[in-house]
Each structure stands twice: as structure tokens, then as C-alpha cells.
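**Student:** One structure, as C-alpha cells, below. Some questions next.
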Amino acid sequence: MSAPMLEMRGISKTFGAVTALSNVSLRLEAGSVLGLIGDNAAGKSTLMKILAGALRPDSGEILLDGAPVNFAHPIAARDAGIEMIYQDFALVPELTVTQNIFLGREITRSIAGLRVLDRSTMNARSEEMFAALGLRVPAVTLPVQALSGGQQQAVAIARATGFAARLVIMDEPTANLGAPAIARVRETITRLKNAGVAVIIISHRLEDIFAVGDRFMVMKQGHLVGDRNVDDTDNADLVEMIVTGVDARAARDPVADPT
Amino acid sequence: MTHAKTTPTSRAAAPFLDMRKAAVFLVRYGMFIALALWMLAMSLTSEHFLTSTNLLNVARQAAPIVIIGVGMTFVMATAGIDLSVGSLVALVSVLTAAWLVAGLPPLLVIAMVILVGVMLGALNGAIITLGVPAFVVTLAALTSFRGVGFVISEGRAVPISDPIFAFIGRGDVLGINTPLIIAAVVVVVGWFVLNRTRFGLYALATGGREEAARVMGLAITKIKIAVYAITGGLAALAGVVISARLSNGSPNAGMMLELEVIAAVVLGGTSLFGGRATIAGTVVGALLINFVRNGLNLHGVNPYWVQVVTGVILVLAVLMNTVLNRRAEAWARANPEDDREVRK
Ligand SMILES: Nc1ncnc2c1ncn2[C@@H]1O[C@H](COP(=O)(O)OP(=O)(O)O)[C@@H](O)[C@H]1O
Ligand SMILES: [Mg+2]
């Protein structure tokens, strides 16, 4: 059996006295869609920020295609094809749509030896990204603060999917969205999956993961408490794990982690 | 005009949209208009105002404010502030005179004091990135830089008689004063860096939403240190220009200059909260402050009143910058469902 596309092993992270993650492991195959669920403060966002290079773990390792990687920096994770759509979109309100999409990886050209932002190329490229996604914004030259919430999300999605990603992480992508926008997000996830891109969705809305996902992972208080295939579980089963933090099936077949 | 797209609602909304645009325009370009109106009023009421001697004189007075203002625009782009620039001018003025008296070559002296400015600015920035508020760090620097200047000079002004400094302070190239040329070069370079390079973009991103800039991988610490270092270097350059113009090195140089610089930048439309910055606005702000002062002087207004007026302008500018601007921007996007197309 070949190594999975992504493996996180024994990840731990504390913030001062708070243990956000303790010894969490995760495996993900290319083109699969994983739903990461759990109560507030379970550590979902922290785990994904570590994967995206926005936080450093205290211990544990990350392997891509079986090879250890060290994401000291969000740019390193993005260079490895891991993109994250943050819960608050992580957009700079005063910058334009294009400036946000290319932030940190601008296209430049050389004028008399000076590296100058190539604004027209970047604007054209971001228009192509929106066209390819079937998403709309009024203009790629508008500041993001002039856009509605749904349009801002479109910018965040375009940024995460427009650079040949292998894995796209979405933190609460359907929170605060209306039904049509939720349908578009599901479509985007399906499109990514069909293109061989793996997706991790953090969501409170289990129905979204039942609709487009392959697997559930349940977290509670910094621990991974359960792992299910979508076609091998139901709402009640998952909600019980989220609330109690105990996997009833695993109790029959105990694993070596008595904490 | 495509008739097919003109729905009854959009026709009814059109005049409203125009009014909205006008209001946003007024808030955004209010200072440019104010400058034009003030200059018009002054040229109608004073025969001395619209003379090339007077205009050049005012522009030359504005030059140090513009030079430092370019740096301050970058600092404010990152949502920071630097209160220490006036005191740095004083320290540089004292060092310049002392090193010239010690017999160092003038060009070396200039390079050395600019290096001092860059290093002290970087020190400010480094402390700020540790988490101390910029206001506090640079307020402390405000008192200590000038204090060091007084210690070194023992409170005395030292004359500067070097010909290179005479050229920098009072010379001209093809009839244009040297301080003006220096300010113009700083403005052009500053505009280019802010609007056309990664560094300028990153400064704006850092000030606009630091957390977003951080998770996008921008080197926020370096960017912040750099903007204060640049401002320190430019304050030192302004210190050279001011000392050269006054032909002396004095620990009293640049008194209250930080307020004028900040007023100019804010008047010009750079946001106090970061993320939005304009070099052209800073130039206009600096000119406006100096032309207001000059106009009042020409009309024989008591100089102390002129100080009061400068203070009032600063408050108005901040009001415009914060409350009014936010209202106008909110108003401008009050209707996000306008069916606008992707602009080609
Ligand atoms: N930057 C931080 N500083 C301090 N504590 C944090 C930080 N980020 C997260 N935490 C804490 O870590 C725990 C897990 O948070 P998080 O990963 O955001 O949970 P979730 O996304 O599952 O709701 C929480 O107790 C939270 O308060
Ligand atoms: Mg979260």
C-alpha cells in the first residue's frame, strides 16, 4: 500500500495553560473529502492552522506522500499545495479583490531591474479564476470591503482554489450563508474532489458533509475521539460522539490511548 | 446606454447614486478642494500671496514636512504612528553640526546622520513589534532623542558654514530650491514603492488586517521595523535640510514637527487605522497646512492664533478621516446587490 497523500502524526499544541490539541493523528487520501466536526474549542481550527502553516505544533509531524514536511510558514504550506479558507476569510478589507487573491505570491515584472507588481496580469488572472469557478464579484479592482459577505467568501474560495491546490481546508464554509450560497459551496467541493483535490471541511452542519463528504472525524477537547465513513454512520451516532466524546464502537475494540 | 438593462428601479436609483458618489467624492478629495479654495481666497485678498517668491517660499517650508510625511504615510499604512520624528530632527541637527566642527567631510556626515536616523527608527520599530504600542514607544523616543541632542550640544546652537550645506539649504538647480528637489525625489520614490512594489502592498495589508497578512505569510515584523527605519532615515534627511537652511545645528530644531507631519498625512486622507494610504494626499496636506499659515501671516493674524488654527485643522482632519469617511464608505456600499458586471 502506498503512503497516503497526507498524514499528521501525534500533533500536540498548547496555548499557555490551554491544551488545544493532544496527540492528534489524521490520514487523508488524494481526492477525498473529510468532515472535521466537534464542539466549540475542540481544537479543529488549531489543527487545520497547523496544517496550513499558520501555527507551529509543539510536537508531532506532518507527512506529504510519505515524506516529512516542515511548514514553518504559511507560504511553505501553500507552496506544497495546501490552501486554507479561514473562518473569517482572512481578507484585508482595504485591498482589492486581486490584491487579496495574490497576497504573498504576487506576479511581478522587471522594469529597469526593479521588481514591479504586474497589476494587469494579476487582474486578468483573477477574473479567469472567478470565471472558472462560476463565481461572481462586481469587479476584481474593488476593495474587498465593498463586497457582500457571500462575495467575500467567493474571493476566499478563488484564492484557495486558483493556485493548483492539492488540499483545500475550509473552516466553517457554510456558516452564515443562505441556501443558494451553500449549494454553491457544495458544488465547489464536489468540483475540487472530481479534480483530485482533497478537501477538509470543518463544519457544524453535518448535512453538508453527508452531502459531499467521504469521512467524518470527531474531535473533543483536543482529542480525536472517532472516525467514520459517511455511509457507515448517521446523525445520532455522530452527535453522541460530539457530546460525550466517546466512540461507542471503539469501546468494544479499544485503542491504546487511555490519556 | 443600453435600454434593455434599464429597469424601473435602477432608473429611480440613478440620481440617488449620483448624490452618493458626490458625497464620497467630497470626503475623499475634500482636502484637494479645500487647498484650491484657500489659495483662490488668498490670491483674491492678498497681493503678495500669488507671487512666485511667496509660493516657492511656502513650498520650501513644506519640504521637510513632505519628506518626513512620506515615511509617516508608510508608518500609518501599517496602522502605526511615529511621534519621535521632530526630536530626531533635533538630534540629527546637533550631530551634523558637531561632526562638521570635528572636521568630518560633509557628505560623510550626511551619510552618518541618515544611518543614525535609520537605526533609531529601526529600534523604535523593533520595540513596537515586541508588543509595546507605537504611541508609547515613539513618545518615549520623542523625549529621549531631543534630550540626547541637548546633552551633546549642551543646549547651544552651533553654526554650519559648509558650502555643501549652503547648497542643500538655500541653493537651487535651474531656479528650483534644493529642498524642493529633495522633497520631490522622496515623493516620487515613495509613491512608487507604496503603489507599485510588494513592500508597499505588504505595509497596507499589515495595517488593514494584521491577522490576515500574517496567515498569508507576510513577514509582519520585518515590514513594521522597515517602515519605522525608513521614517527615521527620512526624518534625518529632513534634519539635514532644516539645519542647512537655518545654517546651524540646534537641539531646538524640529520642535512640534511631528504634529505637523501627522496632520499633513491625516489631512491627505491616509487612514489613522491603517490599510489606506496616499502619498499625493500627504503632499497636499503638507501644502495646505503651510499655505493656511502663510495666508494668515500675510493678513497679519497673531502667530499664536495661527497655532490654534493649525490645531483646529488637525482635529477637523481626524474627524474627516474617521467618522465622515466611514459614513461615506458605508453609504457608498449601502446597496451591495447592485447588479454590476465584472469590469473588463
Ligand atoms: N491563538 C490562541 N491563543 C490562545 N488560545 C487559543 C488560540 N487559538 C485557540 N485557542 C484555544 O484552543 C482551543 C481550541 O480552539 P480552536 O482550535 O479554535 O477550536 P475549534 O475550532 O474546534 O472551535 C480553545 O480552547 C481556544 O480557546
Ligand atoms: Mg474554529
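The values are calculated or read from the model by the stated rules, or taken from the named source; none is laboratory data. This one's a predicted model, so the numbers in the text were calculated from it and none came from an experiment. Quick reminder, even Gly has a Cβ in these numbers, built from the backbone with ideal geometry, and neighbours come from all protein chains shown. Side chains included, ligands, DNA and RNA excluded: accessible areas come from the protein's heavy atoms. Shrake-Rupley method; radii C 1.70, N 1.55, O 1.52, S 1.80 Å.
**Student:** So if I check each of A:A156, A:A165, which one is closer than 17 Å to A:R125 by Cα, in contact (Cβ under 8 Å) with a residue 60 or more places away in the chain and open to solvent by less than 10 Å² (accessible area, probe 1.4 Å)?
**Tutor:** A:A156
**Student:** Does any residue of the range B:263-273 turn out to be more than 11 Å from the chain's Cα centre (by Cα) and either crowded, with 22+ Cβ neighbours inside 10 Å or of a type in the set (D, E, K, R) (or both)? Show your work before the answer.
**Tutor:** Of all residues in the range B:263-273, those more than 11 Å from the chain's Cα centre (by Cα) come to B:271-273.
From the residues that got through so far, the ones that are either crowded, with 22+ Cβ neighbours inside 10 Å or of a type in the set (D, E, K, R) (or both) too are B:271.
Yes; the residues of the range B:263-273 include at least one that is more than 11 Å from the chain's Cα centre (by Cα) and either crowded, with 22+ Cβ neighbours inside 10 Å or of a type in the set (D, E, K, R) (or both).
**Student:** While we're on this one: Which pairs have Cβ atoms under 7 Å, sit 6 or more apart or on different chains, and link a residue in the range A:33-46 that is within 14 Å of chain B (Cβ to nearest Cβ) to one that is open to solvent by less than 10 Å² (accessible area, probe 1.4 Å) and more than 6 Å from ligand 1 (Cβ to nearest atom)?
**Tutor:** Listed pairs, sorted by first residue: A:S45/A:D171; A:S45/A:I202; A:T46/A:L21.
**Student:** Just to be sure I understand the filter: pairs with C-beta atoms under 7 Å, separated by 6 or more residues or on different chains, first member in the range A:75-94 and within 16 Å of ligand 1 (Cβ to nearest atom), second member in a loop (DSSP other than H, G, I, E, B) and open to solvent by less than 30 Å² (accessible area, probe 1.4 Å). Which pairs pass?
**Tutor:** A:M84/A:A52; A:I85/A:P173; A:Q87/A:E172; A:A90/B:M216
**Student:** Further question: Confirm whether A:A139 is small (G, A, S), in contact (Cβ under 8 Å) with a residue 40 or more places away in the chain and surrounded by fewer than 22 Cβ atoms within 10 Å (Cβ to Cβ). Spell out the reasoning first.
**Tutor:** On the way: small (G, A, S): yes; in contact (Cβ under 8 Å) with a residue 40 or more places away in the chain: yes; surrounded by fewer than 22 Cβ atoms within 10 Å (Cβ to Cβ): yes.
Answer is yes for this residue.
**Student:** Please work out which one of (1) within 16 Å of ligand 2 (Cβ to nearest atom); (2) under 21 Å from B:G217 (Cα atoms) is the condition A:Q152 fails and give its number.
**Tutor:** (1)
**Student:** Any idea which of (1) more than 14 Å from every other protein chain (Cβ to nearest Cβ); (2) open to solvent by less than 10 Å² (accessible area, probe 1.4 Å); (3) farther than 13 Å from B:M72 by Cβ; (4) at pLDDT 85 or above is the one B:A317 doesn't satisfy?
**Tutor:** Just one mismatch for B:A317, condition (4).
**Student:** Please indicate, with yes or no, whether at least one residue in the range B:264-277 is in contact (Cβ under 8 Å) with a residue 24 or more places away in the chain, in contact with a His (Cβ under 7 Å, 6 or more places away or on another chain) and among the aliphatic types (A, V, I, L, M).
**Tutor:** No - not one qualifying residue is present in the range B:264-277.
**Student:** Filter the range A:71-117 down to residues that are of a type in the set (D, E) and at the interface with another protein chain (Cβ under 10 Å from one of its Cβ atoms) and give me whichever is nearest to B:A79 (Cα to Cα). Don't jump to the end; show me each part of the working.
**Tutor:** Pass one, the range A:71-117, residues of a type in the set (D, E): A:79, A:83, A:88, A:94, A:106.
With the extra rule that they be at the interface with another protein chain (Cβ under 10 Å from one of its Cβ atoms), the set shrinks to A:79, A:88, A:94, A:106.
Values: A:D79: 29, A:D88: 20, A:E94: 12, A:E106: 22 Å.
Ranking the qualifying residues of the range A:71-117, first place goes to A:E94.
**Student:** Which one is surrounded by the fewest Cβ atoms within 10 Å (Cβ to Cβ) among residues in the range A:27-47 that are within 16 Å of ligand 2 (Cβ to nearest atom) and aliphatic (A, V, I, L, M)?
**Tutor:** The initial filter retains those residues of the range A:27-47 that are within 16 Å of ligand 2 (Cβ to nearest atom), namely A:34-47.
In the following step, the residues that additionally are aliphatic (A, V, I, L, M) were identified as A:34, A:36-37, A:41-42, A:47.
Details: A:L34: 25, A:L36: 26, A:I37: 26, A:A41: 14, A:A42: 24, A:L47: 28.
Per the criteria, the residue is A:A41.
**Student:** Note down all Cβ pairs under 8 Å where the first residue falls in the range B:217-231 and is over 10 Å from B:F74 (Cβ atoms), the second is open to solvent by 50 Å² or more (accessible area, probe 1.4 Å) and at pLDDT below 95, and they're at least six residues apart or on different chains.
**Tutor:** From residues that are over 10 Å from B:F74 (Cβ atoms), the pairs are B:G217/A:H73; B:I220/B:R214.
**Student:** In the range A:48-90, which residue that is under 10 Å from the mean Cα position of the chain (by Cα) and within 16 Å of ligand 2 (Cβ to nearest atom) is most open to solvent (accessible area, probe 1.4 Å)? Quick ask: steps written out before the conclusion?
**Tutor:** In the first step, residues of the range A:48-90 are kept if they are under 10 Å from the mean Cα position of the chain (by Cα); the result is A:48-49, A:51-52, A:82-87.
Next, from what is left, pick out any that are within 16 Å of ligand 2 (Cβ to nearest atom): A:48-49, A:51-52, A:84-87.
Details: A:M48: 0, A:K49: 61, A:L51: 0, A:A52: 6, A:M84: 14, A:I85: 8, A:Y86: 15, A:Q87: 104 Å².
Checked the range A:48-90; the qualifying residue most open to solvent (accessible area, probe 1.4 Å) is A:Q87.
**Student:** For A:I182, indicate whether it is touching a Gly at 6+ places or on another chain (Cβ under 6 Å), more than 11 Å from chain B (Cβ to nearest Cβ) and under 30 Å from A:L6 (Cβ atoms).
**Tutor:** Numbers: touching a Gly at 6+ places or on another chain (Cβ under 6 Å): no; more than 11 Å from chain B (Cβ to nearest Cβ): yes; under 30 Å from A:L6 (Cβ atoms): yes.
Against the criterion (touching a Gly at 6+ places or on another chain (Cβ under 6 Å), more than 11 Å from chain B (Cβ to nearest Cβ) and under 30 Å from A:L6 (Cβ atoms)), A:I182 does not qualify.
**Student:** How many residues does the range A:44-78 contain that are of a type in the set (A, V, I, L, M, F, W, C) and part of a loop (DSSP other than H, G, I, E, B)? Walk me through it before giving the result.
**Tutor:** Within the range A:44-78, the first condition is being of a type in the set (A, V, I, L, M, F, W, C), and the residues that meet it are A:47-48, A:50-52, A:54-55, A:62-64, A:67, A:69, A:71-72, A:75-77.
After this cut, where a residue has to be part of a loop (DSSP other than H, G, I, E, B) as well, the list is A:52, A:54-55, A:71-72.
Of the residues in the range A:44-78, 5 are of a type in the set (A, V, I, L, M, F, W, C) and part of a loop (DSSP other than H, G, I, E, B).
**Student:** Which condition number does A:A158 fail, the rest of (1) assigned to a loop (DSSP other than H, G, I, E, B); (2) at pLDDT 90 or above being met?
**Tutor:** So the condition that A:A158 fails would be (1).
**Student:** Identify, by number, the condition in (1) open to solvent by less than 60 Å² (accessible area, probe 1.4 Å); (2) part of a loop (DSSP other than H, G, I, E, B) that B:R156 doesn't meet.
**Tutor:** With (1) open to solvent by less than 60 Å² (accessible area, probe 1.4 Å); (2) part of a loop (DSSP other than H, G, I, E, B) applied to B:R156, the lone miss is (1).
**Student:** Pairs, please: C-beta under 7 Å, at least 6 apart or cross-chain, first residue open to solvent by 20 Å² or more (accessible area, probe 1.4 Å) and in the range A:174-203, second β-branched (V, I, T) and within 16 Å of ligand 2 (Cβ to nearest atom)?
**Tutor:** That search, which allows pairs on different chains as well, returns nothing.
**Student:** Is it the case that A:R136 is of a type in the set (K, R), under 17 Å from A:A154 (Cβ atoms) and either more than 12 Å from chain B (Cβ to nearest Cβ) or assigned to a loop (DSSP other than H, G, I, E, B) (or both)? Write out each step before concluding.
**Tutor:** Details: of a type in the set (K, R): yes; under 17 Å from A:A154 (Cβ atoms): yes; either more than 12 Å from chain B (Cβ to nearest Cβ) or assigned to a loop (DSSP other than H, G, I, E, B) (or both): yes.
So A:R136 fits the description; yes.
**Student:** If you don't mind, another one. Just to verify a result, which residue in the range A:171-203, among those that are within 17 Å of A:S148 (Cα to Cα) and assigned to a loop (DSSP other than H, G, I, E, B), is nearest to ligand 1 (Cβ to nearest atom)? I'd like the intermediate steps shown before the answer.
**Tutor:** Residues of the range A:171-203 that are within 17 Å of A:S148 (Cα to Cα), as a first pass: A:173-182, A:184-185.
This time we only want the ones that are assigned to a loop (DSSP other than H, G, I, E, B), so: A:173-178.
Values: A:P173: 13, A:T174: 15, A:A175: 11, A:N176: 15, A:L177: 18, A:G178: 23 Å.
So the residue we want is A:A175.
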